[in-house]
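Student: Okay, handing you the structure first.
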């Protein structure tokens with residue numbers, strides 16, 4: 001299957017990127033973290049450095065006029081569903097569709113932190129679906145900027161400002177939002193993140209993502225320093241012959257970034 005010349009830099013969310021989103025939407029930090037938690041458990045990349053995606057077979061079917069429904073029903077089907085596991089499996093599905101109709105395949109997946117659908121590429125400021133995918137592979141800042149653009153284009157920032165979760169989810173997640181309890185999940189997450197101590201620390205979160213990519217699993221990317229995160233960090237530092245640190249700061253993140261191999265191309269297998 002194809003490995004595309006789209007570098008997966010997988011750059012973690014920055015303080016500037018987060019602050020820009022909060023300010024652009026006129027919301028508080030708890031609201032933004034609730035949105036991101038419900039969509040992707042607050043992380044836009046997989047350990048393979050590829051963006052998190054969900055492939056929608058019914059959208060691919062519509063975009064291709066149903067011409068592949070009979071021969072490739074797993075990835076082209078007028079009926080939504082058939083998702084299977086998250087992660088690598090979604091790329092296997094995307095790869096099958098890409099071999100049939102590349103542009104339609106990109107448009108039929110939702111991408112990154114906020115799971116913005118590829119067919120909305122113009123709405124969020126891109127000239128093509130491939131341009132959008134390239135940005136999604138580059139950084140979580142770019143992923144979050146697309147979320148902001150979508151919310152603004154669909155005029156649902158006010159719903160977020162008012163914590164009108166049903167009004168927001170009806171547009172962002174679709175008319176059937178209640179089936180997956182998006183509004184309830186948003187309200188629950190918002191209540192948790194109203195406590196500043198429960199919000200992710202972006203420096204810690206960046207370290208957790210980089211550790212995951214490097215193969216030292218912290219067992220979650222939540223921006224909180226726990227025993228699993230420290231164990232993963234110390235295992236990395238031992239492997240590099242570095243002194244063990246009691247916590248995570250900008251120097252730790254810099255060391256992790258320096259250890260990253262060159263960005264791979266986007267693997268559709």
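Every read-out reported here was derived from the displayed coordinates using simple, explicitly stated rules and does not represent laboratory data. Because the structure is predicted, anything quoted here is derived from the model rather than measured. Virtual Cβ from ideal backbone geometry, glycine too; neighbours counted across all protein chains shown.
Student: Which order do 122, 185 fall in if you start with the one that has the fewest other Cβ atoms within 10 Å?
Tutor: Working: 122 12, 185 18.
Least crowded to most crowded, the residues run 122, 185.
Student: Taking Cα centroids, how far is segment 222-269 from segment 90-168 in Å?
Tutor: If you average the Cα positions of each part, the centres end up 28 Å apart.
Student: With a cut-off of 8 Å between alpha carbons and a minimum separation of six or more residues, what is the relative contact order of segment 3-198 in percent?
Tutor: On the way: 304 pairs, mean separation 52.5, N = 196.
It rounds to 27 percent for segment 3-198.
Student: Starting with the fewest neighbours, write out 49, 57 ranked by other beta-carbon atoms found within 10 Å of each beta-carbon.
Tutor: 49, 57
Student: I would also like to ask the following. At what distance in nm do the modelled label points of residue 263 and residue 29 sit from each other, each positioned 7 Å from its Cα along Cα→Cβ?
Tutor: The modelled label-to-label distance comes out at 2.8 nm.
Student: I need the peptides 152-159, 79-86 ranked by packing, meaning the mean over residues of other C-beta atoms within 10 angstrom, with the highest value on top.
Tutor: Put in order of decreasing packing, that is 152-159, 79-86.
Student: For segment 61-194, what is the convex hull (Cα atoms) projected area averaged across all directions, in square nanometres?
Tutor: Mean shadow area of the hull around the Cα atoms is 8.8 nm².
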